[in-house]
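Enquirer: Structure in structure tokens, see below.
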Amino acid sequence: MPKPLTQLLNTARKYSLWIYQWGLACCGLELGAAIGSPRYDIMRLGVIPFPSGARQADLVVIAGTVTDKMSPPIRRLYEQMPDPKYVISMGSCSNCGGPYWDSYSVTKGVDQIIPVDVYVPGCPPRPEALLEGIVLLQQRIQQEDMASRWRGDPIVVGA
Amino acid sequence: MAADAAAGEEAAAGGTPEAESPAAQATATTEAPAPVDERRQPWLEALQAELGEALVGHEIAGGDVWVRVDSSAWRRAVVACRDRLGCDYFCFLSGLDWKADVDLAAEKVWDPEAQPSAPAAGANGGYRTGVAGGDTRFQVFARLFSTSAKVGITLKADLDEEDPRVESIVSLYRGAEWHEREAWEMLGFTFDGHPGLRHIYLPGEFEGHPLRKDFPLLSRDVKPWPGLVDVEAMPGEPEGGGDAEGADAEGAGAEGGEG
């Protein structure tokens, strides 16, 4: 695909991210503040909240503690999303297990189940942190070569 | 560093009255005899009349009542509370594991020197027991409440350590079903007559009972707790009392402050 066309496509894609919210714990409240409140107003970044389901979503934010019992639904959620799809892991629990690192029931990071594009640290992260994570994801999308992604080539960021 | 030492002294000075205050409260309570709880004493007497020898322990203190019954009379005690005392609200049901001599050294987070010493084996087999006493490692307890009398009661029963088993009260309080499932998976209690004892919070293939004191947290065996690596010296602790990494972090902080 010609480079300018790819750039145009990527610009279009990164400003129309349908975000699927997957609030599992207290981080879900910060996610809700980022999505639903006029103060943070996630839509000014071109992120569209509340798709009718995972099958219409481009981006999912895993916000909260992922337990072993919750892992199969998360896996299914990811598989339902159409390609190209992106994952933001929000909060320490979702990143690595967080304070429940040695628990008998908590998964030590959602990246053990699904691939993660951006990790947002914090316990919980403020909505601004999530917005920065979304901006980082948009930079990544801008750098993507869709043809190589569809071929399954490794994604090179910042090339 | 001088500022740190001063802060430590302040913390120590602030901590001293707090350390003394519980003792002062304890003496105050021992001087004043506890008045008879006129709302809960009749409950206890009614249960004593209803259960007889099966009521093996009781306590009324601080505006609450605990009754410990024999495990064979568990369901009978709940029936008595519901029908005689008018307890129309089931708050919750759970269990206790009084095991004290757990080998916490196996968990690498804990300092072996700080490990609590095992209690001397007494008449109750060495188990530290809570309110209303106890003879065994496991206890099941339930909280019932009367919404008309505004009085609650906590029922307890000792369970066998090898086979913790008690009769289900689901047919008395429908809300007990999930609580008994939780106690079954978390503590390994068996509730005879429960309609379906299966996992409720844990995955179906989970093995073991995590709320038992001897349940190992295997993550700590595989990998030391990451929080231990970058731990800083607590305020008021002597310098160099921690490990070398803590001292390094403190020194870096002091340099940053000067710069």
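Laboratory data are not the source of any read-out in this text; all were calculated from the coordinates shown. Quick caveat: nothing in here was measured; it's all calculated off a predicted structure. When we count neighbours, we look across all protein chains shown, and the Cβ atoms used for this are built from the backbone with ideal geometry, even at glycine.
Enquirer: Given segment A:32-159, what percent of its DSSP beta bridges are antiparallel, to the nearest 5? Display every interim value, and only then the final one.
Expert: Details: 1 of 9 bridges.
So the antiparallel bridges amount to about 10 percent of the total.
Enquirer: Amide H to amide H under 5 Å from residue A:24: which residues, 5+ apart in sequence or cross-chain, H placed 1.01 Å off N in plane?
Expert: Close amide H contacts, sequence-distant or interchain: A:63, A:64, A:65.
Enquirer: Right, here's the next one. Counting Lys and Arg as +1 and Asp and Glu as -1, each charge on the Cβ, what is the dipole of chain A about the Cα centre in debye, to the nearest 20?
Expert: With only Lys, Arg, Asp and Glu charged at Cβ, the dipole is about 280 debye.
Enquirer: Each label point is 7 Å from the Cα along the Cα-to-Cβ direction; what then is the distance between the points at residue A:80 and residue B:46, in nm?
Expert: 5.1
Enquirer: If you don't mind, another one. Which residues in segment B:138-159 have a backbone N closer than 12 Å to a point placed 7 Å from the Cα of residue B:53 along the Cα-to-Cβ line?
Expert: none
Enquirer: Between helix A:127-143 and chain A, what is the angle of the helix's C-alpha long axis to the longest principal axis, kept within 0 to 90° and rounded to the nearest 10?
Expert: The answer is roughly 30 degrees.
Enquirer: Which of B:186, A:43, A:90 comes first, and how do the rest follow, when ranked by fewest Cβ neighbours within 10 Å? Walk me through the intermediate numbers first.
Expert: Numbers: B:186 22, A:43 11, A:90 31.
By the 10 Å Cβ count, ascending, the order reads A:43, B:186, A:90.
Enquirer: Which value in nm describes the separation of the simple spin-label points at residue B:174 and residue A:69, placed 7 Å from the Cα toward the beta carbon?
Expert: Inter-label distance under the simple model: 2.1 nm.
Enquirer: Say the cut-off is 22 Å between C-alpha atoms; which of B:99/B:150; B:99/B:156; A:69/B:156 go over it? Mind dumping the intermediate values first?
Expert: On the way: B:99/B:150 34 Å; B:99/B:156 17 Å; A:69/B:156 31 Å.
Cα-Cα > 22 Å for B:99/B:150; A:69/B:156; rest within.
Enquirer: What distance in nm separates the two pseudo spin-label positions at residue A:142 and residue A:112, each 7 Å out from Cα along the beta-carbon direction?
Expert: That separation, rounded to one decimal, is 3.6 nm.
Enquirer: Would you list B:182, A:79, B:59 from fewest to most Cβ contacts within 10 Å?
Expert: Details: B:182 20, A:79 10, B:59 16.
Going from sparsest to densest Cβ surroundings: A:79, B:59, B:182.
Enquirer: Let me ask you something else. Determine the relative contact order of chain A: mean sequence separation of Cα pairs under 8 Å and six or more apart, normalised by residue count, in whole percent.
Expert: Dividing the mean separation by the residue count of chain A yields 23 percent.
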